[in-house]
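Notes follow once the structure below has been shown.
The values are calculated or read from the model by the stated rules, or taken from the named source; none is laboratory data. Remember, predicted model here, so these are calculated numbers, not experimental data. Backbone-built Cβ (ideal geometry, glycine too); neighbour counts: all protein chains shown. Accessible surface areas use protein heavy atoms only, side chains included; no ligands, DNA or RNA. Shrake-Rupley method; radii C 1.70, N 1.55, O 1.52, S 1.80 Å.
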Amino acid sequence: MLLSILPNAFGGSQLAICEKAPERPNSSYSRQFIRPDGAVSRLSVSKPAPLTNGANGARCHSAILPLPASAIVWAERISSEDAKTFGGAIALQGNFSPDRVDISEIIDIQAPPPRIANAAAKLALESTDPNPPAQSRPVARSAWIWSPAVWIDTPEKIWAMQSRHKLEAVYLTLPTEAGQVRNIDLLSTFVTEARRRGLAVWSVSGDPGDVLEANRSALLSRLAAYADYNRRVAAGARLAGVQLDIEPYLIPGYRLSPAAWRERYLATVRMARTALPASTRLDLAMPYWWARHKDWGDTLLDALASLDIGITVMNYRTDLDALLDGARPFLEWSQRYGKPVNIGLELGPIPDETRRHYRGSADGGELWLLPLGGHPALMLLSAPTDGLPGKAFRYTHATDAPATVITFAGNLARLDAMTEKLLPVWSAWPNFVGLTLHGLDAIDSNSRLGD
């Protein structure tokens with residue numbers, strides 16, 4: 001389907017959703033959407049003549065808008081189900097610079113979930129033991145190091161990081177080609193030395209598009225390369241396991257059918273588990289919010305329970321209550337099914353964002369929900385307008401969405417203070433196996449963690 005915003009003969013615009021993308025070579029704005037079956041559609045703002053049903057073989061749903069295409073700042077397709085739930089208020093979060101608007105989240109404003117204000121009471125509720133240990137048991141620390149150049153060209157940086165931050169494992173990007181790991185001899189030497197130093201080495205692999213049928217052969221080729229590497233090298237040079245960091249919610253078009261993307265994800269994980277030798281450990285990195293998402297949640301976690309996998313939760317928050325809330329469903333799952341769970345924390349730099357709030361309005365507004373043949377669209381305008389064929393939301397105010405609610409931003413003292421509160425709680429869960437740090441390779445190399 002194509003969502004196009006085109007000038008019409010009356011100086012306004014025609015908003016259309018089409019089953020087949022007509023060619024618009026002079027498009028001034030274009031955005032691609034992907035369905036779980038791999039079909040591609042495109043959102044575009046173009047200058048050619050109006051789009052009509054049947055143009056270039058496309059079957060379209062359209063609406064004539066009495067405004068120029070230049071007035072449309074941003075537009076997004078959403079699912080019909082989401083459109084039905086959008087009620088009194090919507091917030092858009094992202095970057096609202098004068099020359100470009102990038103939206104990272106569309107938020108349906110609901111009543112806030114109940115919170116337990118007393119942190120001590122919250123800690124007690126989170127533990128499986130009514131009397132959690134006064135001292136946390138030792139837990140492993142690991143880190144992602146994404147750039148292959150680090151282990152290839154400067155392995156001494158990893159040894160220094162291991163020493164400073166008491167790491168017991170690292171997740172590395174290992175380039176592959178034609179079903180083989182590149183630099184096999186170099187990798188074998190590195191892993192052997194890492195093991196001698198007490199550091200386990202995992203491969204980490206993942207692209208949002210790995211859930212698509214078109215990408216299946218590439219993923220299988222990477223997995224085959226890791227398995228082939230472990231077969232070819234001595235026991236002391238073998239990888240400790242494979243981690244998949246596949247996040248289909250980053251695919252444009254995810255919002256149209258989250259449940260269908262979940263099924264694609266599950267099929268991909270099952271395929272990966274089958275493709276890897278039974279002796280190869282498989283871990284899945286996933287965001288904390290999947291556990292409570294209406295389309296993922298228990299459906300996802302229960303389906304994974306039959307597989308020989310572990311989970312690393314990207315629990316990227318810095319508030320105590322939020323960290324506990326994010327971890328709990330996974331720890332309960334680990335207890336129920338005997339699966340290992342790591343908890344990931346964010347240390348790297350992340351830009352601040354802005355959250356702009358819009359409330360439903362009978363007098364027009366800047367944000368519009370437009371029903372177009374069962375394929376709704378949200379459209380943000382540069383100024384309030386009325387008389388459009390849909391539901392209007394008027395801008396009310398903006399709030400900051402600081403990155404400090406997500407990342408510790410290199411502040412290791414703050415991280416240490418938080419983990420002192422968290423580890424006694426998480427350690428009471430027997431299948432909690434450790435902390436995994438993201439962004440550690442981007443912070444001050446002179447800082448020390450856990451001293």
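Extent of the stretch 291-370 along its three principal axes (Cα atoms, max minus min coordinate, largest first): 56, 31, 19 Å. A crude spin-label estimate for the pair ASN183 and ALA362, with each label 7 Å from Cα along the Cβ direction, gives 6.6 nm. For the pairs LYS166/LYS339; LYS339/LYS421; LYS166/LYS294; LYS294/LYS421; LYS157/LYS421, note any where the Cα-Cα span goes beyond 28 Å. The answer is LYS166/LYS294; LYS294/LYS421; LYS157/LYS421. For the stretch 310-386, the dipole from Cβ point charges (+1 on Lys and Arg, -1 on Asp and Glu) about the Cα centre works out to 380 debye, to the nearest 20. For the stretch 270-366, the relative contact order is 26 percent, taking Cα pairs closer than 8 Å that sit 6 or more residues apart in sequence and dividing their mean separation by the residue count.
Strictly greater than 23 Å: what percent of every Cα pair in the stretch 212-321 meets that? Tail of P(r) above 23 Å: 34 percent of Cα pairs.
On the basis of the beta-carbon distance and an R0 of 41 Å, ARG196 and ALA278 show a calculated FRET efficiency of 0.95.
Packing order of peptides 222-233, 174-185, highest average first: 222-233, 174-185 (average count of other Cβ atoms within 10 Å over each peptide's residues). Potential lengthening of the chain between ALA305 and HIS397 amounts to 28.7 nm, from the contour at 0.36 nm per residue minus the alpha-carbon distance. Summing charges over all other residues whose Cβ lies under 13 Å from the Cβ of ASP228, with Lys and Arg as +1 and Asp and Glu as -1, gives +4.
For the stretch 263-317, the carbon plus sulfur part of the accessible surface works out to 49%, probe radius 1.4 Å. Per residue, the stretch 388-447 exposes an accessible area of 43 Å² to a 1.4 Å probe, with every protein chain left in place. At full extension, ALA160 and MET271 could sit 36.3 nm farther apart than now, given 0.36 nm per residue minus the alpha carbon distance.
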